[in-house]
Amino acid sequence: WHVLAAPDRAITAAAKRDSRARELAAIPFGRFETFGSFATLALMAYQVLYRKYRPRDFSEVVGQDHIVAVLKRQVETGRVAHAYLFSGPRGIGKTSLARLVAKSVNCTSAGSTRPCNICPSCAVFNAGQALNLIEIDAASNRGIDEIRELREAVRFAPAGGVKVYIIDEVHQLSKDAF
């Protein structure tokens, strides 16, 4: 047993280790950083890279100029279709474009450049707390019961604006779910 000297009292290394383990168990995200001989807990809210660097408006989308031009024109003229099917290989921005369309149709700015990223609706979308955006991962919610719940939820009116459903990985739904 090694004794670490603290200014007011001596604490055993085992007791210190146990108290750190209890602190880490209570905190969902964190990592250790060592300063000298003491380990301290640095709290960090972990965010995956594709969410951290997701485009906030159409001008930030890279490599999809032809799609962006069509979607921007539809949003500006108010002629947005009732459904879109984005397909392609992994990592080209299908979900990001779908989220941008959802944010654009719910943007409350009076100007023609939408999304504005200033209005309350855009702020809610940027924070990831939009009630009008329902994103479902069909890879893990592929059964009949999940689709029934989705169909029942469609009946409820949106919380101001337009309600948008994004069904990611729709090809993995079971045959009965269709």
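The values are calculated or read from the model by the stated rules, or taken from the named source; none is laboratory data. If you're wondering where the values come from, they're calculated on a predicted model, not measured in any experiment. All Cβ positions, even for glycine, are placed from backbone atoms using ideal geometry, and neighbour counts span all protein chains on display. We work out accessible area using only protein heavy atoms, side chains counted, and drop any ligands, DNA or RNA first. Shrake-Rupley method; radii C 1.70, N 1.55, O 1.52, S 1.80 Å.
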Six or more apart or on different chains, Cβ atoms under 9 Å: show the pairs whose first residue is in the range 50-74 and within 17 Å of R90 (Cα to Cα) and whose second is open to solvent by 100 Å² or more (accessible area, probe 1.4 Å) and assigned to a loop (DSSP other than H, G, I, E, B). P55/V62
What residue, among those in the range 49-92 that are charged (D, E, K, R) and over 15 Å from S104 (Cβ atoms), is farthest from the chain's Cα centre (by Cα)? D65
Restricting the range 115-156 to residues that are open to solvent by 70 Å² or more (accessible area, probe 1.4 Å) and part of a loop (DSSP other than H, G, I, E, B), the residue that is nearest to V70 (Cα to Cα): I118
Whichever residue in the range 134-145 is of a type in the set (D, E, K, R) and modelled with pLDDT of 85 or more and, among such residues, is farthest from I167 (Cα to Cα): D145
